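Right, one structure below, let's go through it.
The values are calculated or read from the model by the stated rules, or taken from the named source; none is laboratory data. Everything quoted here is computed from the prediction, not taken from an experiment. Note that we place each Cβ from the backbone using ideal geometry, even for glycine, and neighbour counts take in every protein chain shown. Note: areas computed on protein heavy atoms with side chains; ligands, DNA, RNA excluded. Shrake-Rupley method; radii C 1.70, N 1.55, O 1.52, S 1.80 Å.
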Amino acid sequence: MNVLIAGATGGLGEAVVDLFRKQGANVFEVARSGEGVIRADLTKPEEAQRAAAEAGVVDAVVHLTGAFAAGSENDAWHQMLSVNLESAVYLFNAVLPGMKQRGHGVLIAVGSKVAVEPAAGLAAYGASKAALVHYVKTLALELKDAGVRANAVLPSTIDTAANRRAMPQADFSKWVQPHSLAGLIAWLASDAAADVSGAVIPVYGRS
């Protein structure tokens, strides 16, 4: 299996990349920086097209690219919609022609619990993740006869080093473990999930 993983160098990305490789997949890592990755800014459509072209034929695309900003200022709205939504649209649009031509493919996006359970102060972030969910569910409908599946997973806070630094007083034991989320993503990409498309799967840990 050839898998393209966007946002591959983040805390969750490392766990997802590691699991797919352990399962024997050929992994193409996409990130803004890092050694051995396809460097691309996916908020730019031409960069997404270039990244997809460098990866070549892929069976599954996992979109982990994301950003977080509180508030509802104009800059927050622009950043959240650009990174959390538009980067997925541009990347999926870049790989979809090939997937439809081959009659096979899997698209997986990582959203957030806030997409379906709003939180005060997170309007821009929550709306961008809610739009991502709507986009994925619409793709699943549009692609149901093309052999391409699209699903989303919605974690609550993920136990990463960055989140621990940002919230040092939190109870980390209640957070979603990256390896647990990676396992679900790998399953969704596999033939075992051949009948699953349009799913929005909550992964809330003990929160």
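The table for this structure:
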| read-out | value |
| --- | --- |
| Count of residues meeting criterion [open to solvent by less than 30 Å² (accessible area, probe 1.4 Å) and within 19 Å of the chain's Cα centre (by Cα)] in the stretch 96-121 | 12 |
| Residue within the stretch 143-153 that is at pLDDT 95 or above, among the polar types (S, T, N, Q), outside any loop (DSSP other than H, G, I, E, B) and crowded, with 17+ Cβ neighbours inside 10 Å present | yes |
| The stretch 25-41, subset at pLDDT 95 or above and in contact with an Asp or Glu (Cβ under 8 Å, 6 or more places away or on another chain), residue surrounded by the most Cβ atoms within 10 Å (Cβ to Cβ) | ALA40 |
| The stretch 176-194, residues that are in a loop (DSSP other than H, G, I, E, B) and closer than 20 Å to LYS144 by Cβ | SER190, ALA194 |
| Selection within the stretch 161-177 - open to solvent by 20 Å² or more (accessible area, probe 1.4 Å) and under 20 Å from the mean Cα position of the chain (by Cα) | ALA161, ALA162, ASN163, TRP175, GLN177 |
| Candidates LEU81, LEU85, LEU91 - the one that is touching a Ser or Thr at 6+ places or on another chain (Cβ under 9 Å) and open to solvent by less than 10 Å² (accessible area, probe 1.4 Å) | LEU91 |
| Which numbered condition GLY66 misses (of (1) small (Gly, Ala, Ser); (2) more than 15 Å from the chain's Cα centre (by Cα); (3) open to solvent by 40 Å² or more (accessible area, probe 1.4 Å)) | (2) |
| Contacts under 7 angstrom Cβ, first residue in the stretch 129-146 being closer than 19 Å to ASP195 by Cα and hydrophobic (A, V, I, L, M, F, W, C), partner in a helix (DSSP H, G or I) and open to solvent by 30 Å² or more (accessible area, probe 1.4 Å), 6 or more apart | ALA146/LYS100 |
| Members of the stretch 54-75 found to be without any contact (Cβ under 8 Å) to a residue 40 or more places away in the chain and assigned to a helix (DSSP H, G or I), listed by number | GLU54, ASN74, ASP75 |
| Pair list, Cβ under 7 Å, 6 or more apart: the stretch 192-207 residue closer than 15 Å to VAL114 by Cα and touching a residue at least 12 places away in the same chain (Cβ under 8 Å), other residue assigned to a loop (DSSP other than H, G, I, E, B) and not basic (Lys, Arg) | TYR204/SER156; GLY205/SER156; GLY205/TRP175; SER207/SER156; SER207/THR157 |
